[in-house]
Amino acid sequence: MHAEAATRQRKAKRLASVALLLIAFLFSIWYIRFDWIAFVTGIPIFIRFLATDFFPPNLSSVSDYAKPVLDTLAFGIVATCFSALIGSAVGLMMARPTTPSGKVRVALRGIVSFLRNVPFLLWASLLVVLFGVGSLPGILALILFGSGFLARVYAESIEEIDPDTLEALDACGATYWQRLKHGVFPQFMPGFITWTLFMFELTIRASAVLGLVGAGGIGSKIKQTMDLFQYGKTATVITILIVMILAVELVTQKIRERLI
Amino acid sequence: MKIPISHRSTQRQQRLFFLGMLVLFIPCLFYLDLSYGQFASGLERIPDMARQMMHLSFEELPKMLRELLTSIIIAFLCVVLSVLISLLLAFVVARATTPNRYVSAALRAMIVIIRTIPTTIWVLLAVASMGFGPMAGVVGLLLPTIAFLIRVFSDQIDEAGRDTAEAIRSVGGTWWHVVCNGLLPTLLTGFLALIAFKFEITVAETVILGIVGAGGIGVLLQGYISFYEFAPLMLGMLLVFITLFLLEMGTNLIRTKLAGKGSK
C-alpha cells in the first residue's frame with residue numbers, strides 16, 4: 001500500500017516536471033518568436049551554404065596562412081607560460097593546505113570566479129578597446145582567462161594531495177617553503193603538467209576566435225575572408241584550424257603519456 | 001648525507017618539461033614582438049575606465065534583462081532540440097547498440113570534425129547564411145551541441161549498457177526493445193546530469209554569440225564596448241557573472257542530487 005503511494009507520488013512528480021519543461025519550451029518559442037517554418041527551412045539553407053559556398057576549398061593562397069598559424073602557436077605558448085606562472089602563484093594562495101590566510105583564499109576565489117565566468121570573448125574585446133588592435137590584447141586576454149582557469153584547477157589538485165605528508169612535515173617543524181618543496185610540489189607535479197598541457201590546447205582553440213574581435217591569430221583570417229565573401233578561402237582556413245587543433249591534441253597526448 | 005627520495009627518471013622528465021617550456025617560450029616572445037609602449041599606454045587608460053565603470057546606472061537594466069532572457073532561451077531551445085536528436089543518434093553511434101558498424105564509424109568521424117571547430121565559428125557561419133538574429137544562434141549552436149551530447153551519451157551507453165543490450169538481444173528483443181525498455185530508463189539519470197552540464201556551457205556560449213551577431217545580451221555588450229559606454233557594460237558583465245554563477249551552483253546541486261539518487 002505504502003509502496004504504491006510512493007510510486008504514484010513519483011509518477012506525479014515526473015509528470016509535473018515534464019509539464020514544467022513543456023511550459024518553459026512553449027514560453028521560449030513565444031518569447032523569441034521562434035518561427036518553425038524559418039527553422040525547418042533554415043537548416044537546409046545552412047547545410048547547402050556549407051556544401052556549395054565552401055567547397056571546394058580555395059587553395060590559391062595557402063602560403064599566406066603560414067604566418068597566422070605560427071602566430072597562433074606562439075600566442076598559445078607565451079600565454080600558457082605566463083598563465084602557468086601566475087596561475088600557480090594564485091593557485092597556491094587559493095588552495096586550502098597552502099593558503100597564507102583564510103581571507104586571502106576567499107578573496108582570490110571571488111576574483112578568479114569572476115574572471116572565469118565573464119566570457120572570454122568579452123574580455124578580449126574589452127582589452128582590444130584598451131590596448132588597441134594587435135597581438136597584445138589577444139595575448140593579454142588569453143593570460144587573463146588562462147590564469148583564472150589554471151588557478152582554479154591547480155588549487156583543486158593541490159587540495160587533493162595527501163594531507164598526511166603535510167602533517168608529517170609540520171610535525172618535523174618544516175618552514176612554509178620546505179613544506180611546499182617536499183610536501184606539495186612532488187605530488188602536485190602530475191596535475192600541473194596535465195592541466196598546463198590542456199591549457200595549451202585551449203589557447204589554440206581560443207585564438208581561433210580571438211581574431212573575430214581584432215586580436216590577431218588565425219581567427220583574423222577567418223573573419224577577413226568571410227567579410228569578403230571568399231568562402232572557399234574560409235574553408236581552407238577552417239581546415240588548417242582543424243588540422244592544427246588535432247595535431248596539438250595528439251602532441252600533448254603523447255607528452256602526457258610519457259610524463260605521467 | 002642526503003638521501004634522494006624522489007623517483008630519478010620522473011624528476012628528469014619533469015625537468016625536461018620545464019626546460020622545453022622555457023626553450024619554446026623565449027623565441028616565441030621575441031617572435032611576437034610585443035611592444036611595451038602599447039602595454040604601458042593601455043595600462044594608463046585603466047584608471048579612467050575603472051572610474052567610468054563605477055558609475056553604475058540602472059537605466060538600461062530592463063532592456064538588459066530582456067536580452068539576457070533571450071540568451072538563456074536560445075540556449076534552452078538549442079539544448080532541448082539537441083537532446084531530442086542526439087538521444088536517437090547516440091544509440092546508433094554507441095558500439096554496444098549500433099545497428100550498423102559503418103554508419104557508426106562515419107558518424108563518429110563527423111562528430112570529431114564538428115567538435116574540433118570552435119562553437120563561435122559555427123555561429124559565425126550560421127549568421128553568414130541566415131542573417132542576424134536568435135534563429136541563427138539556435139541553428140549555429142545546434143550542430144556542436146548535438147555532437148557533444150552524442151559523444152557523451154554514447155560513451156555512457158558503451159560503459160553501462162553492453163551487458164543489458166546483450167541480455168535483451170539474447171531473449172529475442174529487437175533494437176527498439178533494447179533502447180526503450182533496456183537502456184533509456186537506467187541511463188536517464190546520468191544523461192540528465194550531462195544535459196544540465198551542457199546547458200550551463202551553452203548559456204555561457206550564447207552570451208558571447210551576440211558579439212558575432214546572433215542575438216541576446218552579447219549584442220548589447222558589444223555595442224557598449226564599441227561606443228565606450230563602460231558604465232552599462234559593467235552592469236552587463238555583473239549580470240552575466242551572476243547568471244552564470246547561479247547556473248553553476250544550480251547544476252552542481254542537480255549533479256550531487258542525481259549522484260545521491262544513483263547510489264541508493
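No value in this document is a laboratory result; all are computed from the given coordinates. The model shown is predicted, which means the values in this text are computed figures rather than measured ones. Counting neighbours? That spans all protein chains shown, and the Cβs are built from the backbone with ideal geometry, glycine included.
Remark: relative contact order (chain B) = 25 percent; criterion is Cα-Cα distance under 8 angstrom and separation of 6 or more residues.
From the square roots a ≥ b ≥ c of the eigenvalues of the alpha-carbon gyration tensor of chain B, which class results: rounded (a/c under 1.5), prolate (a/b over b/c), or oblate? Since a/c reaches 1.5 but b/c is at least a/b, the shape of chain B is classed as oblate. At a threshold of 8 angstrom on Cα-Cα distance, excluding pairs fewer than six apart, so keeping six or more, what relative contact order does chain A reach in percent? Result for chain A is 25 percent.
Neighbouring Cβ atoms from other chains, within 10 Å of the Cβ of residues in A:73-83, number 4 on average.
When peptides B:164-172, B:123-131 are ranked by their average number of other Cβ atoms within 10 Å per residue, the highest-first order is B:123-131, B:164-172. Note on A:LEU15 and A:ALA89: the extension gain reaches 21.6 nm, defined as 0.36 nm multiplied by sequence separation minus the Cα-Cα distance.
Out of region A:1-67, which trypsin sites (Lys or Arg not before Pro) are coil in DSSP terms and have no more than 10 other C-beta atoms within 10 Å?
Details: sites: A:ARG8, A:ARG10, A:LYS11, A:LYS13, A:ARG14, A:ARG33, A:ARG48; in loops: A:ARG33.
When the trypsin sites (Lys or Arg not before Pro) of region A:1-67 are filtered for loop state and at most 10 Cβ neighbours within 10 Å, A:ARG33 remain.
Taking 7 Å steps out from each Cα toward its Cβ at A:PHE114 and A:LEU70 produces label points 4.0 nm apart. Here each label is just a point 7 Å from Cα along the line to Cβ, and for B:ARG95 and B:LEU184 those points are 2.6 nm apart.
Taking R0 as 30 Å, what's the FRET efficiency between B:GLU166 and A:LEU250 from their Cβ-Cβ distance, rounded to 0.05? Intermediate values should be presented prior to the final figure.
Values: r = 34 Å, r/R0 = 1.13.
So the FRET efficiency works out to roughly 0.35.
Within the listed set B:PHE91, B:PHE39, B:PHE199, the Gaussian network model of chain B (springs between alpha-carbon atoms below 10 Å) gives the highest mean-square fluctuation for B:PHE39.
Quick one: if the Förster radius is 41 Å, what FRET efficiency do B:ALA109 and A:ARG8 give, using the C-beta to C-beta distance and rounding to 0.05?
Values: r = 47 Å, r/R0 = 1.15.
Efficiency for this residue pair is about 0.30.
About its Cα centre, region A:168-254 has a charge dipole of approximately 120 debye under the convention of +1 per Lys or Arg Cβ and -1 per Asp or Glu Cβ, with nothing else charged. In this simple spin-label model, placing a label point 7 Å from the Cα along the Cα-to-Cβ direction at both B:THR10 and B:HIS177 gives a separation of 5.1 nm. Each residue of region B:71-85 is assigned a 3J(HN,Hα), and the resulting list reads 4, 5, 5, 4, 4, 5, 4, 5, 5, 4, 5, 5, 4, 4, 6 Hz, derived from the Karplus form 6.51 cos²θ - 1.76 cosθ + 1.60 (θ = phi - 60°), x at Gly and Pro.
If R0 equals 30 Å, the separation of the Cβ atoms of A:GLU160 and B:MET54 corresponds to a calculated FRET efficiency of about 0.15. Each residue of region A:216-228 was assigned a 3J(HN,Hα) from its phi angle through the Karplus expression (A = 6.51, B = -1.76, C = 1.60, θ = phi - 60°), giving x, x, 6, x, 5, 5, 4, 5, 4, 5, 6, 5, 8 Hz with x at Gly and Pro. Summarising the amide proton neighbourhood of A:GLY216: residues at separation of 5 or more, or on other chains, whose placed amide H is nearer than 5 Å comprise A:GLY134.
Tell me, B:HIS55, A:HIS182 in order of fewest to most beta-carbon neighbours within 10 Å?
So the ranking, lowest neighbour count to highest, is B:HIS55, A:HIS182.
What average count of beta carbons from other chains do you get within 10 Å of the Cβ of residues in B:114-126?
If you average over the peptide's residues, the count of other-chain Cβ atoms is 6.
Couplings for region B:49-63, taken from phi via the Karplus curve 6.51 cos²θ - 1.76 cosθ + 1.60 with θ = phi - 60°, read 5, 4, 4, 5, 5, 5, 6, 5, 10, 9, 4, 8, 4, x, 4 Hz in order; Gly and Pro are left as x.
Could you give the distance between the Cα centres of region A:1-38 and region B:173-247, to the whole Å? Here the two parts' Cα centres lie 20 Å apart.
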